[in-house]
Every structure is written in structure tokens, then in C-alpha cells.
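What follows is a short report on a single structure.
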Amino acid sequence: MRHQKSGRKFGRNPAQRRALLRQQAISMILHERITTTEAKAKDLRSVVEKLVTIARADTPHHRKLIMQKIDHSLATAKLFDVIAPRFESAPGGYTRISKLGPRRGDAAPLALIEFIEA
């Protein structure tokens, strides 16, 4: 039974899963929207929203925390300078997932995940 087991495995081991979500979070921060499968978008939403919540308070400690999680200096700078100030007064819900339909090659359900305009 899978009671109280959250998260998806994506057919990967834990290190590969963390790397996948880290790279998708970096891409989303840099481009502010990405197209991926619905399941990956749903898991990515929680990762990105936690990063934005940390980045709302611009302190050296929070910058170190973000660098520990994504380890990308350009994405960290954009997160603190551009994205987080947009959501200063918002308590959460920084992203939107829009369903796009099936992928042409394997009919996997695609979704667009993007930051909302606050």
C-alpha cells in the first residue's frame, strides 16, 4: 500500500530525481515558463514556490540557502532581483499550470508552468 507516500518517482533514483527537479527549477527561473509533462509540472510547482518564498526576504543567509538548493548564480540573482519582488505581498500561489494536450511522440500529457503576474 502507498498510504502517505508523497511525490513521484519518474522512473529515476533519488539523486536523478533531485537533479531533474533542480535543473527544471533553474530553467523556470531563467525563462519564467517551461513546457513539460503534467506530472513533472506538479512536482516542480512545490520546489519553485518554496524557492520564491525563501527569496522574498533578501538576506545573505537566504541567498546561501538558495545557492545550496539550485547552485546556479544567474538563476539565484534573477530570483532575488526580478521574481521575488513581484510576490512581496502574495502569501503563495506564485505559479500557474496550464494543460496543453498530448505530446506528439508518445501522447504524454503536456503542461505549461509559468509564474503568474502579481
Subject >> Net charge dipole size for region 14-115 [Lys, Arg +1 and Asp, Glu -1 on Cβ; Debye, nearest 20] >> reply: 240 debye
**OP:** Could you sort out which of Lys5/Lys78; Lys9/Lys78; Lys5/Lys42; Lys9/Lys64; Lys42/Lys78; Lys5/Lys64 sit more than 26 Å apart by Cα distance in this structure?
**Re:** Lys5/Lys78; Lys9/Lys78; Lys9/Lys64; Lys5/Lys64
Subject >> Length added when fully stretched, Arg86-Gln16, from 0.36 nm per residue minus Cα-Cα >> reply: 22.1 nm
Original post:
If you build the Cα gyration tensor of the chain and take the root of 5 times each eigenvalue, what three semi-axes come out, in whole angstrom, biggest first?
Top reply: 25, 17, 14
Original post:
Long-range amide H contacts for Leu100: which residues qualify at under 5 Å (H placed 1.01 Å from N, peptide plane, sequence gap of 5 or more or a different chain)?
Top reply: Leu110, Ala111, Leu112
Original post:
With each pseudo-label sitting 7 Å past Cα toward Cβ, what's the Lys9-Ala57 distance in nm, one decimal?
Top reply: 3.8 nm
Subject >> trypsin sites (Lys or Arg not before Pro) lying in DSSP loop within region 49-118, provided at most 15 other Cβ fall within 10 Å >> reply: Arg103, Arg104
Original post:
What longest region of the chain stays clear of GluC sites (Glu not before Pro) that DSSP places outside H, G, I, E and B and that have at most 16 other Cβ atoms within 10 Å?
Top reply: 33-87
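Just so you know, all these numbers are worked out from the coordinates, no wet-lab data involved. Since the structure is predicted, the reported quantities are computational estimates derived from the model, not experimental observations. Please note: Cβ atoms are built from the backbone with ideal geometry, for glycine as well, and neighbour counts cover all protein chains shown.
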